[in-house]
Structure formats: C-alpha cells, structure tokens
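The values are calculated or read from the model by the stated rules, or taken from the named source; none is laboratory data. Only a predicted model underlies this, so the values are computations on that prediction, with no experimental measurement involved. Cβ placement follows ideal geometry from the backbone for every residue including glycine, while neighbour counts extend to all protein chains displayed. Only protein heavy atoms, including side chains, enter the accessible area calculation; ligands, DNA and RNA are left aside. Shrake-Rupley method; radii C 1.70, N 1.55, O 1.52, S 1.80 Å.
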Amino acid sequence: SDLLNSVFVTACSMAVSMTLTVMMAYPLSRKELVGRSYLNFIVLLPMLLSLGFLPNYLLVRDLGLLNSYASLIFPSAIGTFNVIIMRNFFQSIPSSLVESARIDGCSELKILIKIILPLSTAGLATVALFYMVGSWNSYLSPMLYINDPKKHTLQVVLRTIVMEDSMDS
C-alpha cells in the first residue's frame with residue numbers, strides 16, 4: 001500500500017510537473033514574447049529567494065489540501081531549474097523550423113506538439129527524471145501534509161521503521 005502510494009504520487013507528480021513545465025518554458029523560449037526578460041526574471045526569482053516551508057504549509061492548509069495526495073503533487077509542481085533547462089533546450093531548436101510551421105498555418109500548440117517536443121526528447125527525459133527522483137525522494141512534504149497512515153508514502157514508513165529500530169537499541 002505504501003509502495004503503491006509512492007508510485008501513484010510519483011507518476012502523477014511527474015505528469016503534472018512535465019505538463020506545466022513545458023507549458024511555461026515554451027512561451028519563455030520564444031523571442032517574440034512581449035515582456036520576455038521580465039517574465040524570465042519572475043521565473044528565476046524563487047531560486048534566489050526561498051521563504052522556507054512555513055509559507056508552503058500555510059498555503060496548502062488554506063487551500064484545503066491537507067491529508068490529500070494533491071498536497072504532494074501541486075505545491076512542488078514546477079521547479080525553476082527545470083523550467084530554465086527546458087526553456088534553454090527549446091531555444092536551441094532553430095527558429096526557422098517554427099517560422100516555417102507558422103507560414104504553413106500551424107497554431108502554436110501544434111508547433112509545440114508536432115515540432116518542438118519531438119526534437120526535445122533528450123531534454124524532456126532529463127527533466128522528467130529530475131522530477132521523478134525529486135518526487136520519489138520527497139520526505140518532508142508527506143510528513144507535513146499527510147496525517148492518515150493509509151496515505152503515507154514509502155519514505156515516511158521507512159523513517160518510522162528506522163526510528164522504532166533506533167529506539168529499541
């Protein structure tokens with residue numbers, strides 16, 4: 001049950017994170033985006049200023065996400081570093097491909113799905129791996145947000161086993 005909880009949270013977290021990261025990184029990679037440098041700075045800001053876990057906990061509590069899997073998926077859905085990796089990867093794709101698709105009448109979504117993403121499989125795999133490992137190794141979030149033992153992830157159960165074993169010694 002704990003293993004299944006961890007697998008479920010990791011899979012959902014990776015899917016949500018990848019979708020949001022791609023949807024954020026693609027517009028930021030386009031030179032024609034108005035206010036691009038300002039928006040890139042806003043994306044970079046959380047890397048420079050971290051407020052700790054208390055504001056995150058208060059946000060999760062106020063949104064009513066405590067004791068739900070959503071509390072493990074959505075607060076850490078977008079990683080600044082991963083958005084920057086994907087943005088840079090998208091920027092490395094020749095703009096002539098995008099311009100050609102626009103001339104042919106493709107929408108931005110079709111350009112993203114049919115041209116950009118197939119050319120970005122290495123970047124997508126790298127970022128997906130970062131999100132997967134981060135979600136799988138997450139320990140503090142389940143400890144803070146999940147009270148129901150049936151919803152605990154493997155990491156919390158392992159910690160409980162280790163703590164009980166150290167108390168017996």
Inset, instruction - Could you list the trypsin sites (Lys or Arg not before Pro) in segment 1-94 that lie in coil according to DSSP, counting only those with at most 14 other Cβ atoms within 10 Å of their Cβ? - result: K31
Inset, instruction - Pick out, in residue order, every one of the chymotrypsin sites (Phe, Trp or Tyr not before Pro) in segment 110-169 that is DSSP loop and has at most 14 other C-beta atoms within 10 Å; say none if there are none. - result: Y139
Legend entry - the chain - percent relative contact order, Cα under 8 Å, separation 6 or more: 41 percent
Inset, instruction - Starting at the first residue of segment 159-164, write each ³J(HN,Hα) from the Karplus equation 6.51 cos²θ - 1.76 cosθ + 1.60 with θ = phi - 60°, in whole Hz, x for Gly and Pro. - result: 5, 4, 4, 5, 5, 5
Legend entry - Accessible area (Å², per residue) of segment 18-169, counting only protein heavy atoms and a probe of 1.4 Å: 62 Å²
Legend entry - Dipole of the chain, positive end: most advanced residue of F130, G52, S37 [Cβ charges, Cα centre]: S37
Legend entry - Computed [θ] at 222 nm, helices only, for the chain once each DSSP H run of length n ≥ 4 contributes -39500 (n - 2.57): -21500 deg cm²/dmol
Inset, instruction - Could you look at segment 59-139 and say what percent of its accessible area is carbon and sulfur, using a 1.4 Å probe and all protein chains? - result: 65 percent
Inset, instruction - Excluding residues fewer than 8 places away in the same chain, name every one of the lysines whose C-alpha is closer than 22 Å to that of K31. - result: K110, K114
